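K.L.:
Questions regarding the structure given below will be posed in turn.
The values are calculated or read from the model by the stated rules, or taken from the named source; none is laboratory data. Nothing here was measured: the structure is a model prediction, and the numbers come from that model. The protein model used for the area step is the full one, side chains on, heavy atoms only, and it has no ligands, DNA or RNA in it. Shrake-Rupley method; radii C 1.70, N 1.55, O 1.52, S 1.80 Å.
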Amino acid sequence: MPTNPTLHLAQHFLDIQQPHKALEYLSKNPQLEDAEYWRLLGRTHYLLDHDTEASQAFSEGLRDCLRSLNSPLVSASDES
């Protein structure tokens, strides 16, 4: 369970089968530097059958994780 209050509430909405509310809350309270935000946003879009948006959110979360590790894969993927 996320410790950040914004992400905790979004997770709660997903747990009670209310992805529309989770999306609304995540959209109003972006946590762009938090990989958990991107995971929750991706899951929310996935549950709403927003496949393109889900893929983009999961990709951004992965990119963020790689950046935090100073991975050379980030600079290679940013060039493409």
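K.L.:
What is the percent carbon and sulfur in the accessible area of region 3-68, measuring with a 1.4 Å probe over the protein chains and ignoring ligands?
P.N.:
Details: 2110 of 4030 Å².
Whole-percent figure for carbon plus sulfur exposure: 52.
K.L.:
Please report the relative contact order for the chain, taking Cα pairs under 8 Å with a sequence separation of at least 6, and give it as a percent rounded to a whole number. Walk me through the intermediate numbers first.
P.N.:
Numbers: 77 pairs, mean separation 17.5, N = 80.
Contact order relative to length: 22 percent.
K.L.:
On average, how much accessible surface per residue is there in the chain, in Å², for a 1.4 Å probe, leaving out ligands, DNA and RNA? Write down the numbers at each step before the final one.
P.N.:
Working: 5250 Å² over 80 residues.
Here the per-residue accessible area is 66 Å².
K.L.:
Any chance you could get the radius of gyration and Dmax over the Cα atoms of the chain, in Å?
P.N.:
13.1, 40
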